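Below you'll find the structure, written out as structure tokens, and then a few comments.
The values are calculated or read from the model by the stated rules, or taken from the named source; none is laboratory data. Owing to the predicted nature of the structure, the values given are computational and were not obtained by experimental measurement. Cβ placement follows ideal geometry from the backbone for every residue including glycine, while neighbour counts extend to all protein chains displayed. Protein only, heavy atoms only, side chains kept; ligands, DNA and RNA dropped before computing areas. Shrake-Rupley method; radii C 1.70, N 1.55, O 1.52, S 1.80 Å.
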Amino acid sequence: MCMGEKFEPKRIIKLIVGATDSTSTLEDLQSCLLQKLRKEGFLIILDDVWSEDYGQWKQILPPLMQGGGKEGGAVVFTTRSHKVAAAAGANTEGASLMGLPEEDCWQIFEKRAFGVGGSSAATHSDLRNVGKEIVKKLNGVPLAVMAVAGFLRETPEESRWMNVLASLSWPLSQGVLPVLKLRIRPYHHLPPPLKQCFAYCSVFPKDYVFDRSKLVQMWIAQSYIPPQRVPHGDGYQMHDLMHDLARWVSNEESHIMGEDGSSAREPNKVFHVSLSNDSVCYFKTKPYVHDPSSSVTVLEIPRHLFDEHLRRIRVLCLSYCDVEELPDSVGELKHLRYLDLSFTKIGLLPKSICDLWNLQTLRILNSELTMVLVELPRGMSKLVNLRHLNLHQDLVGNIPGIGKLSSLQELKVFYVGHEDGHRITELKDLVQLGGDLSIRNLENVESKDAAAQANLKNKLYIDELGLEWPGNWDANTRNVELETEVLEGLQPPPNLRTLRVFNNGGLRHPAWMSGKLPHSLRSISLHGCRNWPCLPPLGCLPYLKVLEIGGAGVKQVGHEVYGTVAYRGVRAVFPDLEELEIYDMVEWEAWEGVAAATATAGEETTTALFPALRRLHIRNCPKLRGIPHLPPSLAELKLHKMGLRKLPEIPPCADHGAPRASFLSKLEIHFCPSLESIATSLLRSLTSLMELEIRGCGELASVNFHFHHLRCLKNLTITDCPKLAQEEKDEEEPCSSSLPPPLPSPATASSVLPPYLELLTSDNSSVLERRLLQQEHTVLQNLLIKNSSCVPGGLRGLRSLSILTLMECPQLQSLPELQHLSNLGRLWVQDCPQLQSLPLLRGLSQLTKLCVERCPKVQSLPEGELPATVKHLRIKGCPGLKERCQREIGEDWPKIAHVPYKFIF
């Protein structure tokens, strides 16, 4: 774990134990850490430690010193200070890292300064000799070698190299900062705005995680760079040595109060201030107040602070400060351009905030579960320079007159209303909007003309657009003609990447979906458009990757989706589509393949359907009887609640002209009541299959159980298919012998289950006994049996089984002996109301967890105490067993007293 200069014992212990509860006390965490470390040996590495505070180390060290069990433990930390080692009470002298040998440093320098292979060094022998002299002066410090070599790489003049050599005359005790100051030379060649941007980073503490968009917004607020669209991105960290360099070039214009317990040395020179502890600052110039951590506690902001001391401030960040109110005097900050009140307790903003004419960014973010700010003051539309309004979108989307904020770049949600200031025409002048925009309550739009005035097609920076009508479908309240016209007027912009249309009640899809959809579209979701007689022609969108269609009322899908006469030259339909999800289309009856569709349309060109498809999910389409041939590129196929009579074919793919097996790795077939069989030829072609689930197919009576050719299969589930059991009975009736079939010979043992199967789930004891578990299986690790009247005796061949789960077996009365399962680690028995007793567990030397739930007829634990390896015991809904396991007085208490974690209720 990297510590940096911020050494917080509570945070460090939480990282070690993996705790997420923010309410845990230090004592609780210390106890938890001690319990965790007593079980086994440990090695903890703390990197880049700076704390010389013995009191902080005292809060961490006791659990570490007492832990480790029999194997012991060790804590290793790296630091640049011997005082840190003394404060931590290190019981060894430590290893002081010496500099790299000069030969190794030269290899680093040569590669960095001359390129891979050092070819330039051969042609610049003069530079080579100077470079070796430079390396000698760097005292084996790798970072210094990298920094100097990187600087000299772009300056091949010998005079420059000689100047650098002459400047390297500092003692080793000064560290590598003087080396980094060599970077000042290229720094001086930067444009002035970039110099300011780099120096500005010094106001943040070391190890601070920069948010890209926030930092750029601050630069714009300080007028270091001109206003521009702010990119979104991940967090970044500045190396602490680069931070030192930024502090050095900032020439003391930035100051972190409380960083070293001191105040600013020359307040009149300080332009940017941040607080790292309980500090309140007063300056006569224009400081930037920023809380870089969540450790700041400022209970109340003095009401006179803004009007007396900070009138020229441009950036004010009070995030994570424990303040509940912002004084009215904030309205006096006429130069303020950036205001961050995130993660505070402010519930209401003062009305004076609407007087901040120059404000560009307002951030009031909280966790998703906590919405502290309850409303915005009226008059927010006066903040005409606002570009970024980052707060709960329900508040932003309801700002009256938001259309006056013509510079706004972000508006995730807009709620359409009937009142002035809330109509859809408010969007007309917001041409700078970018990112994601969802327009809701579109039933309140009065006409097609009003919709067109929203000017969506000219909002060139919008990436994602959502058009949403209410989800409650009451035919008596929907104006279907109006909804048809309104959607027609909401033509999207040309650079759109994602389009969502939810619950439109129109009588047809808009004309712009038939020929004016942007080719840039990557994702389309159409949900609840149940009055559309057919789907729009989306098959010719060249870059569409994700398509979701749900709740449509269409009965047939065919050529109208693949394209019209205008697209005859296209040789692939949905050429780039990778994910297709179709759901809740209860009237859908027929899905034409591309061959049938092109024949219907009178085309002769051969086309491919979904040539790049990777995932196909279809659910709740009960009338759909068949699916076209699927491409060999398919990796995941889920078919739930459909009327399929047979599964679709997946042809082999061509590999350099030769056919090869399908890429399908996951196949789910759930609740397809008309499915009667699964073709052997289909299963044999799925040699890449890793997961196979068959559930709730009541008519399924024929499955070839010889899965041995599915060599990649790891998870197999077959449940709620009762006719498979009937098939077994029919096969068994001619058999005169009452003896169970013997285990097959090793030659045939591999002919049923795949060789690498790890999880097997079934509720059919006949299928398990007669088909799946008729041979020894050395790999199966997890077996789940549901709704079965008995446990098959074939368990004796499962030598690697580590998890056995028996659940929802209302007729199960007894369990077989399990002592031969030498690797069994977890046994779960749940919802077996007729089960009378548990088997002997004494010989299960790997058993660590035992769970018995809602098995009321189990009255006691088996004879002998539980194996010493059991660490977790859970008993629930078993009254007799609960009574016998009462602490100290229960008859079975001696059997479980050694178990450290017991949950009995």
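I'm checking my understanding of the structure. Among residues of the stretch 39-55 that are modelled with pLDDT of 80 or more and farther than 16 Å from His82 by Cα, which one is least open to solvent (accessible area, probe 1.4 Å)? So, considering only residues that are modelled with pLDDT of 80 or more and farther than 16 Å from His82 by Cα, the one least open to solvent (accessible area, probe 1.4 Å) is Ile44. Filtered by the rule that a residue be basic (Lys, Arg) and within 17 Å of Glu758 (Cβ to Cβ), the stretch 801-847 gives a lone residue, Arg826. Restricting the stretch 82-99 to residues that are at pLDDT 75 or above and open to solvent by less than 70 Å² (accessible area, probe 1.4 Å), the residue that is farthest from Pro9 (Cα to Cα) is Gly99. Only residues that are touching a Gly at 6+ places or on another chain (Cβ under 6 Å) and of a type outside the set (D, E, K, R) were counted across the stretch 310-358, and they come to 2.
When you check Glu71 against the structure, is it surrounded by fewer than 16 Cβ atoms within 10 Å (Cβ to Cβ) and at pLDDT 75 or above, yes or no? It is false that Glu71 is surrounded by fewer than 16 Cβ atoms within 10 Å (Cβ to Cβ) and at pLDDT 75 or above.
Condition (residue is over 29 Å from the mean Cα position of the chain (by Cα) and in a loop (DSSP other than H, G, I, E, B)) applied to the stretch 607-615: is it met by at least one residue? Taking every residue of the stretch 607-615 in turn, at least one turns out to be over 29 Å from the mean Cα position of the chain (by Cα) and in a loop (DSSP other than H, G, I, E, B).
Looking at this structure, is Thr78 of a type in the set (S, T, N, Q), modelled with pLDDT under 75 and either assigned by the TED database to the domain that holds Thr869 or within 26 Å of Lys206 (Cβ to Cβ) (or both)? So Thr78 fails the test.
Go through the stretch 543-566 residue by residue and tally those that are more than 16 Å from Phe610 (Cβ to Cβ) and either at pLDDT 90 or above or crowded, with 17+ Cβ neighbours inside 10 Å (or both). Show your work before the answer.
The first filter runs over the stretch 543-566 and keeps only residues more than 16 Å from Phe610 (Cβ to Cβ), leaving 550-556, 560, 564-566.
Going one step further and asking which of them are either at pLDDT 90 or above or crowded, with 17+ Cβ neighbours inside 10 Å (or both), we end up with 550-556, 560.
Of the residues in that region, 8 qualify.
Residues of the stretch 346-368 that are under 28 Å from the mean Cα position of the chain (by Cα) and under 22 Å from Tyr415 (Cα atoms): Thr361, Leu362, Arg363, Ile364, Leu365, Asn366, Glu368.
Selection of first residues in the stretch 637-651 that are without any contact (Cβ under 8 Å) to a residue 24 or more places away in the chain and under 18 Å from Leu609 (Cβ atoms) and of second residues that are open to solvent by 10 Å² or more (accessible area, probe 1.4 Å) and part of a loop (DSSP other than H, G, I, E, B), restricted to Cβ pairs under 7 Å at least 6 apart or on distinct chains, gives the following pairs, ordered by first then second residue: Pro648/Ile627; Pro648/Pro628; Pro648/His629; Pro651/His629; Pro651/Pro632.
Taking residues in the stretch 865-877 that are on the phi > 0 side of the Ramachandran plot, and partners anywhere that are in a loop (DSSP other than H, G, I, E, B), the pairs with Cβ atoms closer than 6 Å and at least 6 places apart or on different chains are Gly877/Arg854. Which condition breaks for Glu446 when tested against (1) under 32 Å from the mean Cα position of the chain (by Cα); (2) farther than 22 Å from Ile524 by Cβ? (1) is the only condition that Glu446 fails.
Annotation: Trp219 fulfils all but one of (1) at pLDDT below 75; (2) surrounded by 13 or more Cβ atoms within 10 Å (Cβ to Cβ); the unmet one is (1). From the list Leu847, Leu840, Leu835, the one residue that fits, being without any contact (Cβ under 8 Å) to a residue 24 or more places away in the chain, under 20 Å from Thr805 (Cβ atoms) and not basic (Lys, Arg), is Leu847. Within the stretch 232-241, restricting attention to residues that are at pLDDT below 75 and under 21 Å from Met146 (Cα atoms), the residue that is surrounded by the most Cβ atoms within 10 Å (Cβ to Cβ) is Leu241.
Residue by residue, here is whether (1) surrounded by fewer than 17 Cβ atoms within 10 Å (Cβ to Cβ); (2) among the hydroxyl-bearing types (Ser, Thr, Tyr); (3) at pLDDT 85 or above; (4) not assigned by the TED database to the domain that holds Asp211 holds:
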| site | (1), (2), (3), (4) |
| --- | --- |
| Asp322 | yes, no, no, yes |
| Ser352 | no, yes, yes, yes |
| Leu362 | no, no, yes, yes |
| Ser367 | yes, yes, no, yes |
| Met380 | no, no, yes, yes |
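Among the residues of the stretch 518-541, the ones that are within 23 Å of Glu443 (Cα to Cα), assigned to a loop (DSSP other than H, G, I, E, B) and of a type in the set (A, V, I, L, M) come to 1 in all.
Candidates in the stretch 748-768 are the residues that are in a loop (DSSP other than H, G, I, E, B) and in contact with an Asp or Glu (Cβ under 9 Å, 6 or more places away or on another chain); of these, the one that is modelled with the lowest pLDDT is Asn764. Scanning the stretch 513-525 for residues that are open to solvent by 10 Å² or more (accessible area, probe 1.4 Å) and modelled with pLDDT of 95 or more yields Arg522, Ser523, Ser525.
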